[in-house]
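First the structure, in the form of structure tokens, and then the observations on it.
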Amino acid sequence: AGISFVSGSYATWQRYKDGHLGTMLKAMNSTFLEAVESAPCILFIDEIDAFRTRTYRDDHGSSYSEKVTAALLEQLDGVAGREGVVVLAACNHPDRVDPAVIRSGRFDQHIQIGLPTTSELATILRQHLGKDLPDIDLTRLTSLVPGKTGADCAAALRMARTAARSAGRPLNEGDLRTALLGDQNGFPAPLRR
């Protein structure tokens, strides 16, 4: 689309060199400046829930965390101007994000992405399988593993391919089934899927 992409996170900014507050804030500022200089640009902040809500208090690190969150708020407000930069963020725990961070004007839209459906898992598996196992019914197989994520399916496929390589043969449906469901040979027949 002809749009630049810049990313950052609390973890990458914090571990930059010595982790000192001033160094972290400088690294964060540098990322925002890079996005401005690369405009039009998408700036992606991963794991934004690492910026603790300022309502969370503990005896160790609260002052540091509050200063980091305040600096993020300043960057998001774009005091120096951020024309042409769209900021996106992702997290696993939106309830831990400071309400000031996700208010309108900073993040106008919030999209919750749930677990994939059976058919979506089948699509994910097909993508990772490529041309392997073209004739198996992936929807039937993924219906046996509700609650799995795309990452779970990718990991299972890696395990299945490893098992096939170790056995010195091509990947088969049994390899994938075992990797997704676990080895059920020790289960009584009525409990096997």
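Within the stretch 61-85, can you find the residues that are open to solvent by 50 Å² or more (accessible area, probe 1.4 Å) and either hydroxyl-bearing (Ser, Thr, Tyr) or touching a His at 6+ places or on another chain (Cβ under 7 Å) (or both)?
Ser63, Tyr64
Which of the residues belonging to the stretch 125-151 are assigned to a helix (DSSP H, G or I) and in contact (Cβ under 8 Å) with a residue 24 or more places away in the chain?
Taking the stretch 125-151 and keeping what is assigned to a helix (DSSP H, G or I), we get 125-129, 138-142, 150-151.
If the condition is that a residue be assigned to a helix (DSSP H, G or I) and in contact (Cβ under 8 Å) with a residue 24 or more places away in the chain, then Leu125, His128, Leu129, Leu141, Thr142, Gly150 are the ones that fit.
Quick check on Ala167: is it open to solvent by 20 Å² or more (accessible area, probe 1.4 Å) and either free of Cβ contacts under 8 Å to residues at least 40 places away in the same chain or in contact with a helix residue (DSSP H, G or I) (Cβ under 7 Å, 6 or more places away or on another chain) (or both)?
Values: open to solvent by 20 Å² or more (accessible area, probe 1.4 Å): yes; either free of Cβ contacts under 8 Å to residues at least 40 places away in the same chain or in contact with a helix residue (DSSP H, G or I) (Cβ under 7 Å, 6 or more places away or on another chain) (or both): yes.
Yes: the conditions hold for Ala167.
If you go through the stretch 114-134 one residue at a time, do you hit one that is under 29 Å from Ser4 (Cα atoms), of a type outside the set (Ser, Thr, Tyr), surrounded by 17 or more Cβ atoms within 10 Å (Cβ to Cβ) and in contact with a His (Cβ under 7 Å, 6 or more places away or on another chain)?
no
Within the stretch 11-33, identify whether any single residue is aliphatic (A, V, I, L, M), open to solvent by 70 Å² or more (accessible area, probe 1.4 Å) and at pLDDT 90 or above, and answer yes or no. Please lay out each step first, then the result.
Within the stretch 11-33, the first condition is being aliphatic (A, V, I, L, M), and the residues that meet it are 11, 21, 24-25, 27-28, 33.
Filter again for open to solvent by 70 Å² or more (accessible area, probe 1.4 Å), leaving 33.
Within this subset, residues satisfying the condition of being at pLDDT 90 or above are 33.
Yes, there is a match, as at least one residue in the stretch 11-33 is aliphatic (A, V, I, L, M), open to solvent by 70 Å² or more (accessible area, probe 1.4 Å) and at pLDDT 90 or above.
Taking the stretch 86-113, which residues are surrounded by 10 or more Cβ atoms within 10 Å (Cβ to Cβ) and hydrophobic (A, V, I, L, M, F, W, C)?
Listed by number, the residues that qualify are Val86, Val87, Leu88, Ala89, Ala90, Cys91, Val97, Ala100, Val101, Ile102, Phe107.
Test Leu180 against the criterion of being part of a helix (DSSP H, G or I) and open to solvent by less than 80 Å² (accessible area, probe 1.4 Å), and give yes or no. Steps first, answer last, please.
Working: part of a helix (DSSP H, G or I): yes; open to solvent by less than 80 Å² (accessible area, probe 1.4 Å): yes.
Taking the combined requirement at face value, the residue satisfies it.
The values are calculated or read from the model by the stated rules, or taken from the named source; none is laboratory data. Keep in mind that what you see is a predicted model, and the values were worked out from it rather than measured. Every residue, glycine as well, gets a Cβ built from its backbone with ideal geometry; the counts of neighbours run over all protein chains shown. These accessible areas exclude ligands, DNA and RNA; they are computed on the full protein's heavy atoms, side chains included. Shrake-Rupley method; radii C 1.70, N 1.55, O 1.52, S 1.80 Å.
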